[in-house]
1. Does R69 fit the bill of being more than 18 Å from the chain's Cα centre (by Cα), surrounded by 12 or more Cβ atoms within 10 Å (Cβ to Cβ), free of Cβ contacts under 8 Å to residues at least 60 places away in the same chain and farther than 19 Å from L121 by Cα?
2. List pairs: first residue in segment 95-124 and within 14 Å of Q52 (Cβ to Cβ), second residue among the aromatic types (F, W, Y) and part of a strand (DSSP E or B) anywhere in the structure, Cβ distance under 7 angstrom, at least six positions apart or on different chains.
3. Can you confirm whether segment 58-65 contains a residue that is farther than 20 Å from D87 by Cα, surrounded by fewer than 17 Cβ atoms within 10 Å (Cβ to Cβ) and either modelled with pLDDT under 95 or touching an Asp or Glu at 6+ places or on another chain (Cβ under 8 Å) (or both)?
4. Pairs needed: first member in segment 1-29, touching a residue at least 60 places away in the same chain (Cβ under 8 Å) and under 16 Å from G139 (Cα atoms); second member anywhere, part of a strand (DSSP E or B) and among the charged types (D, E, K, R); C-beta distance under 9 Å; at least 6 residues apart or different chains.
5. Looking at segment 80-93 only, could you name the residues that are in contact with a helix residue (DSSP H, G or I) (Cβ under 9 Å, 6 or more places away or on another chain), modelled with pLDDT under 95 and either within 19 Å of T12 (Cα to Cα) or crowded, with 17+ Cβ neighbours inside 10 Å (or both)?
6. Of everything in segment 96-106, what is under 24 Å from L25 (Cα atoms) and either within 14 Å of the chain's Cα centre (by Cα) or surrounded by 18 or more Cβ atoms within 10 Å (Cβ to Cβ) (or both)? Give them in sequence order.
Amino acid sequence: MEQRQHRIEVATSGRGLVEVTAGVLRWVADQGITTGLLTVWCRHTSASLLVQENASPDVRADLEDFLRRLVPDGGGGRYRHGDEGPDDMPAHIRAALTQTQLSIPVAEGRPVLGTWQGIYLYEHRTRPHRRELVLHLVGDRR
């Protein structure tokens, strides 16, 4: 059994989904581990991770529209916490409703994703940020 760890920095342009699949696939392939488990960890409380459809951009737009209605930005005393602006507490709620960690099986040297699945960092703040993901791969070589 072998383990590998790596960090990926992701630049966001504000609220929305940023696909990170290609970078994750490349790193896993370079490790030479054929069977195992990949953990992707988001080191932030106002961003999260999703496995989501990567074919139609309408899916991402509909998801954002839904979360905007479910968790509107602050103002007018809606939330107590707002140290960094009206999108601060809503970003924390969105992260709590989604995921900060993904576990993805690895087979034949690649994460086992479905045909239309991609790995996304979901930025919940309205302004650009630099986010860090930690990848941890454990498994065996053939």
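1. Values: more than 18 Å from the chain's Cα centre (by Cα): yes; surrounded by 12 or more Cβ atoms within 10 Å (Cβ to Cβ): no; free of Cβ contacts under 8 Å to residues at least 60 places away in the same chain: yes; farther than 19 Å from L121 by Cα: yes.
Against the criterion (more than 18 Å from the chain's Cα centre (by Cα), surrounded by 12 or more Cβ atoms within 10 Å (Cβ to Cβ), free of Cβ contacts under 8 Å to residues at least 60 places away in the same chain and farther than 19 Å from L121 by Cα), R69 does not qualify.
2. Taking only residues 6 or more apart or on different chains, the pairs are T98/Y122.
3. First, the residues of segment 58-65 that are farther than 20 Å from D87 by Cα: 58-59.
Pick out the ones that are also surrounded by fewer than 17 Cβ atoms within 10 Å (Cβ to Cβ) and you get 58-59.
Adding the requirement that they be either modelled with pLDDT under 95 or touching an Asp or Glu at 6+ places or on another chain (Cβ under 8 Å) (or both) leaves 59.
Within segment 58-65, one or more residues are farther than 20 Å from D87 by Cα, surrounded by fewer than 17 Cβ atoms within 10 Å (Cβ to Cβ) and either modelled with pLDDT under 95 or touching an Asp or Glu at 6+ places or on another chain (Cβ under 8 Å) (or both).
4. Every condition considered, the pairs that remain are M1/D140; E2/D140; L25/R110; W27/R4; V28/R4; V28/R110; A29/R110.
5. E84
6. Within segment 96-106, T98, Q99, T100, Q101, L102, S103, I104, V106 meet the criteria.
The values are calculated or read from the model by the stated rules, or taken from the named source; none is laboratory data. Keep in mind that this is a model prediction, so the values were computed, not measured. Note that each Cβ is placed from the backbone with ideal geometry, even for glycine, and that neighbours are counted across all protein chains shown.
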